[in-house]
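Heads up, the thing below is written out as structure tokens.
The values are calculated or read from the model by the stated rules, or taken from the named source; none is laboratory data. Since this is a predicted model, take the numbers as computed values, not measurements. Please note: Cβ atoms are built from the backbone with ideal geometry, for glycine as well, and neighbour counts cover all protein chains shown.
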Amino acid sequence: MREMNRALPFLAAAVLLLPLFGLGLLWVAPAIATGGHRAYPVLAVNHLGTLGWASLVAMAAMHQMFPAVLGATGRPGWREAAQLAAHAAGVVIVVAGFLTGRPTWIAAGGAVILASTWTFAAIIAIHVWTRKRWLPLTLGIVLSVAHLTLAVTWGFLMGANWTTLFWPALLTTTGLGVHVAMGVGGWFLQLIVSVSYYLLPRFTAVRSIGEGSLSAVLVSINAAIALFVVASVTASGSAARSAALLLAGGGLLWARDIVRYSRQRRDRGRDLNDLHWRAVAAFVVVLAAGGIAWAIGAWRVHGATLSVAVVVSCLVGIVSLTIMGQIYKVTPFLMWFYRYGRGLSMAEIPKLPDPYAPAAGYPAFWLCAAGAAGLAAAVLTA
């Protein structure tokens, strides 16, 4: 449709990557469960999910949503389309490099993604500079983009280091730990938390989901990430345990707000979006309980094993379920928004709840949730 902006095709293309990500997980699940998370095939699937499926969706959605958060108008144009195209091309090169075991391809693809990510950050910075308002949650979105930029820059250094070995420490836990802390915690989790306080009230009759907790949640997330980075660099167990306690506390505060929002919904009809948010909150509560138990010594499990299980739960459970659930709200809204722009008649307005609760969405939800929980459990019990 001509009325749609140039970011939407990339949002649709990213969604099509989800089945590929799922098939890839099926392929590498035995290696993940048995400690082979550094193997090339696992890294290929991991980056297909993080840089491809999740980040491409998030970037395309941000190009659409972030100006509205700041009170601005306008639609993404060629600048945003070029950034997304470059990012997609970089993902293809990186994944191909992992699949073929060619570090030079990984480094080359990483350079393309690095350029596209810094371009994305610059676009976000321009929006912030020309903003008409500043909501409390805007800080969380800006911080998440900053963490994305740092995570991608760090990942590029790791990829380049495989070919030149200019920084041997990047081949150890230092490299991987810092990369995961900033990418999973700083980018994905912080973005989900921040955006939830903006999107959820706008698609329901609930006026607020408790923004008073947002500042405390953001402080806990960023303090935890800083401590995880310190733990990765110094191999400090106390820093890692303190980070786990902070992150668990912030997660429980946010999960409380999500449950409160769900209970306040006036429309009790079928809504897959709400079901997904409830599942995400459940994942957060379980992870928080496990993190607290590990941090205080009540659960004796190796930190590296627990880290892999947490990352699996976050990427396959929290991140994927959040995106899948929100798509059931955002996609129908965008489709009908642009139809209205063409002069939609009253007779064409949908009257059924099907766009928000398609029957085929329920098996997808249960399979994703069960798969994430099952794979994390396999990692912990292998």
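Every residue, every condition in (1) at pLDDT below 95; (2) farther than 23 Å from SER55 by Cα, yes or no:
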site	(1), (2)
LEU287	no, no
ILE296	no, yes
VAL301	yes, yes
MET324	yes, no
PHE337	yes, yes
ALA360	yes, yes
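Of the residues ALA82, ALA58, ALA68, which is among the aliphatic types (A, V, I, L, M), closer than 19 Å to ILE327 by Cα and more than 17 Å from the chain's Cα centre (by Cα)?
Numbers: ALA82 fails: closer than 19 Å to ILE327 by Cα; ALA58 fails: more than 17 Å from the chain's Cα centre (by Cα).
The conditions single out ALA68.
For segment 93-123, give me each residue that is surrounded by 14 or more Cβ atoms within 10 Å (Cβ to Cβ) and of a type in the set (Val, Ile, Thr).
Those that are surrounded by 14 or more Cβ atoms within 10 Å (Cβ to Cβ) and of a type in the set (Val, Ile, Thr): ILE93, VAL94, VAL95, ILE106, VAL112, ILE113, THR117, THR119, ILE123.
Could you list all residues from segment 124-141 that are buried (at least 18 other Cβ atoms within 10 Å of the Cβ) and of a type outside the set (Ser, Thr, Tyr)? It would help to see each step written out before you state the result.
To start, the set of residues in segment 124-141 that are buried (at least 18 other Cβ atoms within 10 Å of the Cβ) comprises 124, 127, 137-138, 140-141.
Those that are buried (at least 18 other Cβ atoms within 10 Å of the Cβ) and of a type outside the set (Ser, Thr, Tyr): ILE124, HIS127, LEU137, GLY140, ILE141.
On the basis of being under 18 Å from ALA13 (Cα atoms) and part of a helix (DSSP H, G or I), does VAL112 make the cut? Working first, answer last.
On the way: under 18 Å from ALA13 (Cα atoms): no; part of a helix (DSSP H, G or I): yes.
No; evaluated as a whole, the condition is false for this residue.
Could you check segment 221-238 and list, in sequence order, the residues that are surrounded by 19 or more Cβ atoms within 10 Å (Cβ to Cβ), under 15 Å from ALA295 (Cα atoms) and without any contact (Cβ under 8 Å) to a residue 40 or more places away in the chain?
ALA224, LEU227
From the set of residues in segment 356-376 that are touching a residue at least 40 places away in the same chain (Cβ under 8 Å), part of a helix (DSSP H, G or I) and small (Gly, Ala, Ser), which is surrounded by the most Cβ atoms within 10 Å (Cβ to Cβ)? Quick ask: steps written out before the conclusion?
The first filter runs over segment 356-376 and keeps only residues touching a residue at least 40 places away in the same chain (Cβ under 8 Å), leaving 356-358, 361-362, 364-365, 368-369, 371-373, 375-376.
Retained after the next criterion (residues that are part of a helix (DSSP H, G or I)): 356, 361-362, 364-365, 368-369, 371-373, 375-376.
Those left that are additionally small (Gly, Ala, Ser): 361, 364, 369, 371-373, 376.
Details: GLY361: 19, ALA364: 16, ALA369: 21, GLY371: 18, ALA372: 23, ALA373: 18, ALA376: 26.
Ranking the candidates gives ALA376 first.
For segment 141-159, check the following and say yes or no: at least one residue is outside any helix (DSSP H, G or I) and out of contact with any Phe, Trp or Tyr (no Cβ under 9 Å at 6 or more places or on another chain). Explain how you work it out, then say what you get.
Pass one, segment 141-159, residues outside any helix (DSSP H, G or I): none.
No, there is no match, as no residue in segment 141-159 is outside any helix (DSSP H, G or I) and out of contact with any Phe, Trp or Tyr (no Cβ under 9 Å at 6 or more places or on another chain).
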